[in-house]
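Everything on this sheet refers to the single structure shown next.
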Amino acid sequence: MQIRTRLTLLFIAIVALTILASSVFIYAFSSTYRSTEFYERLANKAHSMAKLFIDVDEVDANLLRIIENTAPSTLPEEHIYIFNSKGESIYKSINDDLIEISDNLKKKLFFEGEIKVTKDIYEIYGLRYETNGQPYLVFAAATDRFGYSKLKNLRNILVINYAVVLVIIAIGGWIFSSKALSPITGIIQKVENITETSLNLRLDEGKGQDEIEKLALTFNRMLERLELAFIMQKNFVANASHELRTPLTAMTGQLEVVLLKEREKEDYMRTIQSVLDDIRNLNIICNRLLLLAQTNTDRKDFNFVSVRVDDLLWQVQSDIRKFNPTYTVHVNFKSLPENENDFVVEGNPHLLKTALTNFAENGCKFSKNRSVDVELDFDEKNILVSFLDQGIGIRKEDFKMIFQPFYRSKDAISIPGHGLGLPLIEKIIKIHGGEISLDSVPNEYTHFKVRIPKNQV
Ligand code: ADP
């Protein structure tokens, strides 16, 4: 069911119930009021008739009938019955046997002193009237024709009012809900036009104050993120193919040149060595790209075990020394642990080692003395590792950019690299629930600090 229909129905239901409840209340209240008022009139009649007939000696039954029929206060279809203490009729209105006053009713009145009953179209008021210690039973009965007719009119008015108001509410509700929802309809139409080729389109945010404007605002923020991700994805693919094509073109060129004519053995050896270097380079790029793609997935996909970060750093130090004898990694402990678990984190050893190696290699690669100072520290909840080198440094404006795939600062262009190390490191640290901070002054130093929580939630 459409929200518009649902809103209208809800609106109708609320108003219908409210009007129904108030109409029933008005009708019930008027009905009670009519009955009370009519019994009051019957009671007055019974009192005055009893007083006249019993207390005034000059008034006999005939005179009372004349008075009863001519009095201006005579009620419609009025009947008066008076009985003595034995229950014998001593007065009744002319031609009157229409209402049968049973012995039970008389007995009831005798004991209760006052009764109010209805019989067919009549309302009957009973009064035990006492004078000189002698009890009499007086019954006044009549039909409240005007009262019932007024009540009927009131009921008709309430029913018609109910029907008319419902129709007005249904039409008004429908118009109101379509008005209220028209901005959403606008959003739907606009969103339908947004495709992968028009991610630059935005919704009208107005002043961003009501819920719909806030929705448009949130949607626009999401579009911005999507557009950025889309552009980054495109750039990534373009950069990746460029990075892969460069060594391939170089290899093809070298092999084509060497095949142009017969060469000396040394020439072949030199070319093969150079092609081998390019293949190794290609291999590094492919491995990093693969790892970068894998670390896009959830941390659940990686096997997390207890890892001693100090052990990892010793391995990193010896691996770097083995593959790059010109590089030096100094490992220092800021404070010595009392417990061997102080350096333990829950993580993936392969990924963590890759991240630490990249940091250390960068420190050596970008510094004049080809060395990096690694400092290991811990607190109750975290392991803290920092990498400090005295090298080319990083400009403030590049702080964010260097974590983008393939980005290399201007100062680093002359130094070999692919711009894939830091994006990979950032993802690995994120998977481990940690964070990276950076402090650097160009041509002075670069200081990366990493915090890895011991237990990630
Ligand atoms: P690569 O080292 O292959 O260039 P990275 O992703 O590891 O790729 O680094 C990206 C860029 O960040 C580098 O090109 C360089 O500009 C900058 N950078 C990273 N580490 C350092 C460092 N220790 N000192 C100076 N610049 C650095």
Can you tell me which residue in segment 305-362 is farthest from Gly434 (Cα to Cα), limited to those that are among the charged types (D, E, K, R) and within 16 Å of the ligand (Cβ to nearest atom)? Glu361
Identify all residues within segment 381-392 that are more than 6 Å from the ligand (Cβ to nearest atom) and surrounded by 14 or more Cβ atoms within 10 Å (Cβ to Cβ); write none if there are none. Asn382, Ile383, Leu384, Val385, Ser386, Phe387, Leu388, Gln390
From the list Ala16, Ala43, which one is surrounded by 11 or more Cβ atoms within 10 Å (Cβ to Cβ), among the small types (Gly, Ala, Ser) and touching a helix residue (DSSP H, G or I) at 6+ places or on another chain (Cβ under 8 Å)? Ala16
Report yes if Ile452 is surrounded by fewer than 20 Cβ atoms within 10 Å (Cβ to Cβ) and touching a helix residue (DSSP H, G or I) at 6+ places or on another chain (Cβ under 8 Å), otherwise no. no
Condition first: out of contact with any helix residue (DSSP H, G or I) (no Cβ under 8 Å at 6 or more places or on another chain), surrounded by 13 or more Cβ atoms within 10 Å (Cβ to Cβ) and of a type outside the set (D, E, K, R). Now tell me which residues in segment 175-198 satisfy that. Gly186
Say whether the condition of being modelled with pLDDT of 90 or more and within 30 Å of Leu292 (Cα to Cα) is met by at least one residue in segment 175-188. no
Odd one out for Arg408, checked against (1) near the ligand (Cβ under 6 Å from one of its atoms); (2) not aliphatic (A, V, I, L, M); (3) not in a loop (DSSP other than H, G, I, E, B): (3)
Look through segment 411-429, keep the residues that are without any contact (Cβ under 8 Å) to a residue 40 or more places away in the chain and in a helix (DSSP H, G or I), and return whichever of them is farthest from the ligand (Cβ to nearest atom). Glu426
Filter result for Lys300 (free of Cβ contacts under 8 Å to residues at least 12 places away in the same chain, loosely packed, with under 13 Cβ neighbours inside 10 Å, part of a loop (DSSP other than H, G, I, E, B) and among the basic types (Lys, Arg)): no
Going through Ile94, Ile124 one at a time, which residue ends up being in a loop (DSSP other than H, G, I, E, B) and either out of contact with any helix residue (DSSP H, G or I) (no Cβ under 8 Å at 6 or more places or on another chain) or at negative phi (or both)? Ile94
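The values are calculated or read from the model by the stated rules, or taken from the named source; none is laboratory data. These figures come from a predicted structure and were not determined experimentally. Cβ coordinates were reconstructed from backbone atoms using ideal geometry, including for glycine residues, and neighbour counts include every protein chain displayed.
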